[in-house]
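K.L.:
The structure under discussion is supplied below as structure tokens; questions concerning it will follow.
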Amino acid sequence: MYGDYLDLAVRAARAAGEIQRSYFRGGDLMIRTKSNPSDVVTRADRESEEAIARMIASRYPDHALLGEEGGDRGSAASEWRWVVDPLDGTTNYSQGLPVFAVSIALRHCGETVAGAVDAPWLDELYTAVKGGGAWLHRGADAPRRLHVGGKERLATSVLGTGFPYDKDVDPDNNSDNLARILPHVRDIRRMGAAAYDLCCIASGTLDGYWELALHEWDVCAGELIVREAGGVIHPLREGRGVSIAAGNRAIVQEMLKYIR
Ligand code: IPD
Ligand code: CA
Ligand code: CA
């Protein structure tokens, strides 16, 4: 039912991924800072979003679009709204680290119905449509249906997390959660791309993930992919942007003993 929308999301994500591959580890990234020195943007972020927005507008001129770099475009009255993080993991990207992704989701009347997360350097494309399961596409391999991991104890679990860009001015920076949960887990990873973290939950390569102060564009596609892989998304503290925990139901319940 939503397959045509997903096809467009995948084509747009692949086009943005090509732009990112073309500049990656090169000398002409044009790295600039936004809100503070931790918050960087490159020409690949901007050019990726323009390419995605152009492709969506030419196919669905009546749809609205929210992008991290360009903000809101199109009619606010539209039932259809694309939510785009053109390059998730810009810090990694600007350092030459390979974990970065394009995240494109479509909402219909507020509900996410399709999502694609493409990690171009890793050659991993994650997709979901509402009710259709979550899938990993790699190279010429047949698509693989994803399921969240089955662990139930933190002691054997590897969790992902992250730290907000405004950590210089807001002491509510996730270090309290980290200090409480660290003694109880096998290990912690800071992958550097929230959309990719959520895809790792869907594929079971991470057992749990939590983060504070994210934005809609970081999580919109990834949350659908987690749910379609049988996982849960649990809201964390209110008033700190989009703050979530993700994993299978049992691990999320265990995580909630230590994080909030
Ligand atoms: C960031 C990444 C990072 C997370 C930050 C996000 P960006 O997105 O997802 O992992 O910790 O909160 O803002 O800026 O690279 O698109
Ligand atoms: Ca992001
Ligand atoms: Ca981004």
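K.L.:
Out of E254, E223, report the one residue that is modelled with pLDDT of 95 or more, crowded, with 16+ Cβ neighbours inside 10 Å and under 25 Å from L66 (Cβ atoms). Reasoning before the result, please.
P.N.:
Numbers: E254 fails: under 25 Å from L66 (Cβ atoms).
The match here is E223.
K.L.:
Just wondering, is there one or more residues in region 19-36 that are within 14 Å of ligand 1 (Cβ to nearest atom) and in a helix (DSSP H, G or I)?
P.N.:
yes
K.L.:
Looking at (1) over 19 Å from S38 (Cα atoms); (2) in a strand (DSSP E or B), find the lone condition where A179 falls short.
P.N.:
(2)
K.L.:
So which residues in region 60-82 are away from ligand 2 (no atom under 16 Å from the Cβ) and surrounded by fewer than 19 Cβ atoms within 10 Å (Cβ to Cβ), if there are any at all?
P.N.:
Of everything in region 60-82, those that are away from ligand 2 (no atom under 16 Å from the Cβ) and surrounded by fewer than 19 Cβ atoms within 10 Å (Cβ to Cβ) turn out to be Y60, P61, D62, D72, R73, S75, A76, A77, S78, E79, W80.
K.L.:
Hey, among K151, K167, which residue is over 19 Å from the mean Cα position of the chain (by Cα), in contact (Cβ under 8 Å) with a residue 24 or more places away in the chain and within 16 Å of ligand 2 (Cβ to nearest atom)? Don't jump to the end; show me each part of the working.
P.N.:
Numbers: K151 fails: within 16 Å of ligand 2 (Cβ to nearest atom).
The conditions single out K167.
K.L.:
So in region 83-98, with the set limited to residues that are assigned to a loop (DSSP other than H, G, I, E, B) and open to solvent by less than 30 Å² (accessible area, probe 1.4 Å), which one is nearest to ligand 3 (Cβ to nearest atom)? Steps first, answer last, please.
P.N.:
Quick first cut of region 83-98, residues assigned to a loop (DSSP other than H, G, I, E, B) only: 89, 96-98.
Next, only the ones that are open to solvent by less than 30 Å² (accessible area, probe 1.4 Å) stay: 89, 96.
On the way: G89: 7, G96: 17 Å.
So, considering only residues that are assigned to a loop (DSSP other than H, G, I, E, B) and open to solvent by less than 30 Å² (accessible area, probe 1.4 Å), the one nearest to ligand 3 (Cβ to nearest atom) is G89.
K.L.:
Next question, about the same structure. Does L122 meet the test of being in a strand (DSSP E or B), not charged (D, E, K, R) and not assigned by TED's automatic domain parsing to the domain that holds C199? Steps first, answer last, please.
P.N.:
Details: in a strand (DSSP E or B): no; not charged (D, E, K, R): yes; not assigned by TED's automatic domain parsing to the domain that holds C199: yes.
Criteria not met by L122.
K.L.:
Within region 1-58, track down each residue that is open to solvent by 90 Å² or more (accessible area, probe 1.4 Å) and aliphatic (A, V, I, L, M).
P.N.:
Within region 1-58, M1 is the sole residue that qualifies.
K.L.:
Name the residues in region 185-209 that are away from ligand 1 (no atom under 11 Å from the Cβ), part of a strand (DSSP E or B) and either open to solvent by less than 20 Å² (accessible area, probe 1.4 Å) or of a type in the set (G, A, S) (or both), would you?
P.N.:
Correct list: G208 only.
K.L.:
Checking the conditions here, which among N173, N177 is more than 29 Å from A114 (Cα to Cα), open to solvent by less than 70 Å² (accessible area, probe 1.4 Å) and either in contact with a Pro (Cβ under 7 Å, 6 or more places away or on another chain) or within 16 Å of ligand 3 (Cβ to nearest atom) (or both)? Quick ask: steps written out before the conclusion?
P.N.:
Working: N177 fails: either in contact with a Pro (Cβ under 7 Å, 6 or more places away or on another chain) or within 16 Å of ligand 3 (Cβ to nearest atom) (or both).
Every option except N173 fails the conditions.
K.L.:
Given the conditions (1) within 16 Å of ligand 3 (Cβ to nearest atom); (2) without any contact (Cβ under 8 Å) to a residue 24 or more places away in the chain, which single one is not true for C199?
P.N.:
Here C199 meets the rest and fails (2).
K.L.:
Of the residues in region 224-249, how many are under 15 Å from G115 (Cβ atoms), out of contact with any Ser or Thr (no Cβ under 7 Å at 6 or more places or on another chain) and assigned to a helix (DSSP H, G or I)?
P.N.:
4
K.L.:
What are the residues in region 125-155 that are assigned to a loop (DSSP other than H, G, I, E, B) and of a type in the set (A, V, I, L, M, F, W, C), if any?
P.N.:
Kept after step one, since they are assigned to a loop (DSSP other than H, G, I, E, B), are these residues of region 125-155: 130-133, 138-143, 146-153.
A140, A142, L146, V148, listed by residue number.
The values are calculated or read from the model by the stated rules, or taken from the named source; none is laboratory data. Fair warning: this is a prediction, and the values are worked out from it, not measured in the lab. Cβ coordinates were reconstructed from backbone atoms using ideal geometry, including for glycine residues, and neighbour counts include every protein chain displayed. The area values use the complete protein model at the heavy-atom level, side chains included, leaving out ligands, DNA and RNA. Shrake-Rupley method; radii C 1.70, N 1.55, O 1.52, S 1.80 Å.
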